[in-house]
Structure formats: structure tokens, C-alpha cells
1. Quick one: which residue in Ser48, Ser52 is part of a loop (DSSP other than H, G, I, E, B), open to solvent by 70 Å² or more (accessible area, probe 1.4 Å) and of a type in the set (Gly, Ala, Ser)?
2. Identify, from the list Ile188, Ile182, Ile170, the residue that is open to solvent by 60 Å² or more (accessible area, probe 1.4 Å) and either over 16 Å from Ile267 (Cα atoms) or in contact with a helix residue (DSSP H, G or I) (Cβ under 9 Å, 6 or more places away or on another chain) (or both).
3. May I ask you to verify whether Leu19 is modelled with pLDDT of 85 or more, assigned to a helix (DSSP H, G or I) and closer than 22 Å to Val252 by Cβ?
4. Please work out which residue is farthest from Gln225 (Cα to Cα), limiting yourself to region 86-107 and to residues that are open to solvent by 70 Å² or more (accessible area, probe 1.4 Å) and part of a helix (DSSP H, G or I).
5. Which condition from (1) open to solvent by less than 10 Å² (accessible area, probe 1.4 Å); (2) without any contact (Cβ under 8 Å) to a residue 60 or more places away in the chain; (3) closer than 30 Å to Ser220 by Cβ is the one that Asn74 breaks?
6. Given Thr219, Thr226, Thr207, Thr199, which one is open to solvent by 40 Å² or more (accessible area, probe 1.4 Å), of a type outside the set (A, V, I, L, M, F, W, C) and at pLDDT 85 or above?
7. Those residues that are in contact with a helix residue (DSSP H, G or I) (Cβ under 9 Å, 6 or more places away or on another chain), open to solvent by 50 Å² or more (accessible area, probe 1.4 Å) and not acidic (Asp, Glu), I need them from region 31-45; list them, please.
8. Condition check: out of contact with any Gly (no Cβ under 9 Å at 6 or more places or on another chain), surrounded by 10 or more Cβ atoms within 10 Å (Cβ to Cβ) and closer than 29 Å to Tyr239 by Cβ. Does Phe28 satisfy that?
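The values are calculated or read from the model by the stated rules, or taken from the named source; none is laboratory data. Remember, it's a predicted structure, so these values are computed and weren't measured experimentally. In this analysis, Cβ positions are derived from the backbone assuming ideal geometry, glycine residues included, and neighbour counts consider all displayed protein chains. Only protein heavy atoms, including side chains, enter the accessible area calculation; ligands, DNA and RNA are left aside. Shrake-Rupley method; radii C 1.70, N 1.55, O 1.52, S 1.80 Å.
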Amino acid sequence: MNDTRSIFQSVMIYFGAFLILVWSAGPFLWQFSTSFQLDRALTEGTPSLIPSPFTLEHYYNAFIEKGLHHYLWNSLVVSLATTALCLIVGSLAAFALSRLDVKGRFGILTVILSVSMFPQIALVGPLYLLASDLGLLDTYTALIITYLALGLPLVTWVLFGYFETLPREIDEAARMDGVGVIGLLWHIILPMSLPSLVTTGLLAFITAWNEFLFALAFTSDSGTQTIPVGIANFTNQYYVPWGDIAAASAVVTVPLIVLVLFFQRHIIEGLTQGGIKE
């Protein structure tokens, strides 16, 4: 009886996992298939998941005619700069709040978290005026500063939770060996927090990579526009090139999937261990 119940539970678990996989991967697989189909096949009454005939026309249009590679470069620069700054500033803030004697640290953390709760649409207008007055429109700087403000609260909270799991005896042993505060952070805390750094870095990168609203408001030149805005520029008043959009979406999504799969062990460890107090 117990063996039967165990087999039934295993079957249900795998069946549930399969449903989640189909639900999550289905839209991307359909988009990926669309990118290899001719325009006339996309407008037929009965769509097909398997491209027939197979074509690379949409990828040619995306890169050669619409300059997708320029948008990719802009997004890469902005996202990497944002990620680096989020990790630097976030790790310093989390370390100070976790390991140093800071009064009212949980109040400070609450304020940091509350910043991320403002709706983006309410911030676009004031930030646009500020960027305009400072001459930062159509620059990487405006996007990097804005994305830093968006990603920093989450990075600080996740790193703080992870730093809290590290035993305090490490700090005492380091001080006995003559290690200063910066040395404690750089040589001991950060190396031990690699899973959390990978997790928060990926979250900050994905947030900056996918952001659309601020990029649309702050940039009007293709030399600084990021991928979401670039893909939105594919359409015109009378025609939506679904195949070209699908090809661009596939190119944009594949690197994120590869990153998540490559660092999945660190991501899982960083998200779970940060919530366990030893």
C-alpha cells in the first residue's frame, strides 16, 4: 500500500512538473517557431508549430535591416554597468546593515524596500524632467542611474538575508588576525556569499535587460535605445512584422536562458539559504 502511494505521489509530482514546464516554455517555443516561418504562414487559418518551409528571413531583417545588434550592444552596456553598480553598492549597504553596529537597521531596510514599491509610471515624469535639466537624455548614464535605483533595494535585501546566515564567529576571528572592516568584506564575506552574489547579479541584469518604460521615455536615438525599445520600433502604423519581432525576441531571450541554466545551482542556493538563519 505504501509503495503504491509512493508511486502515485511520484507520478503526480512529475506530471505537475511537466505541466509547469509546458506552461512556462510553451510561449517561448511558439515564438521561436514563429521566427523561422514565412509571413504568409503566420497569417494562415491553421497555424503550425513546425516551420514549413524553414526560413532565416526574419533574422536577416532583424539584424541587417533593423539593426538589432546596435540595440543588443546598448542593452549589454547598460545592463552590465547596472549589475556591477548594484553589486558594489548593494554589498556595501548589506554588509554595513548586517555586520556593523548600525542603529535602526531594520527601519533603514524598510525604507530601502519601500522605494521599490512606487509605480514606475508615477516616476517617469519627474525623472524625465530631472534628466532633461541635467542633459542626460539619450545617454547611458540616465538609464544606468535609474536602473540602479530599481535594482538596488532587491539586491540589498537578498544580500542582507544571506550575510545574516554567516556565523558571527568569522568576524571575531578576522579581527583577532588583524583584518579590518574592508578586508573582512572583501576577503571573507564576499567569497563565502558567491551564490547570493550570482543570484542578485542575475536579477539586476535581467531587470535592466528587460526594462521598457524608462528606456522609452529617456531615449529617442537608436544609438542609445535598448532592446525592448528597439523591438517596439519594428512596427509601423500599418504593419506589424510578427516574424521579425519573434526573431528579435528569440535572440534576446536565449542569452538569459543560458545564464539561468548555467548558474542555476548558485541561484537556488542563493535564494534558499538567504532565508535560513543558522
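1. Values: Ser48 fails: open to solvent by 70 Å² or more (accessible area, probe 1.4 Å).
None of the other options fit; the residue is Ser52.
2. Values: Ile188 fails: open to solvent by 60 Å² or more (accessible area, probe 1.4 Å); Ile170 fails: open to solvent by 60 Å² or more (accessible area, probe 1.4 Å).
Of Ile188, Ile182, Ile170, the one residue that is open to solvent by 60 Å² or more (accessible area, probe 1.4 Å) and either over 16 Å from Ile267 (Cα atoms) or in contact with a helix residue (DSSP H, G or I) (Cβ under 9 Å, 6 or more places away or on another chain) (or both) is Ile182.
3. Details: modelled with pLDDT of 85 or more: yes; assigned to a helix (DSSP H, G or I): yes; closer than 22 Å to Val252 by Cβ: no.
No; evaluated as a whole, the condition is false for this residue.
4. Step one: of region 86-107, the residues open to solvent by 70 Å² or more (accessible area, probe 1.4 Å) are 88, 92, 101, 103, 106.
Still in the running and part of a helix (DSSP H, G or I): 88, 92, 106.
Details: Ile88: 25, Leu92: 30, Phe106: 38 Å.
This residue is Phe106.
5. (2)
6. Values: Thr219 fails: open to solvent by 40 Å² or more (accessible area, probe 1.4 Å); Thr226 fails: open to solvent by 40 Å² or more (accessible area, probe 1.4 Å); Thr199 fails: open to solvent by 40 Å² or more (accessible area, probe 1.4 Å).
That would be Thr207, the only listed residue that is open to solvent by 40 Å² or more (accessible area, probe 1.4 Å), of a type outside the set (A, V, I, L, M, F, W, C) and at pLDDT 85 or above.
7. Those that are in contact with a helix residue (DSSP H, G or I) (Cβ under 9 Å, 6 or more places away or on another chain), open to solvent by 50 Å² or more (accessible area, probe 1.4 Å) and not acidic (Asp, Glu): Gln31, Phe32, Leu42, Thr43.
8. When the stated conditions are applied, Phe28 passes them.
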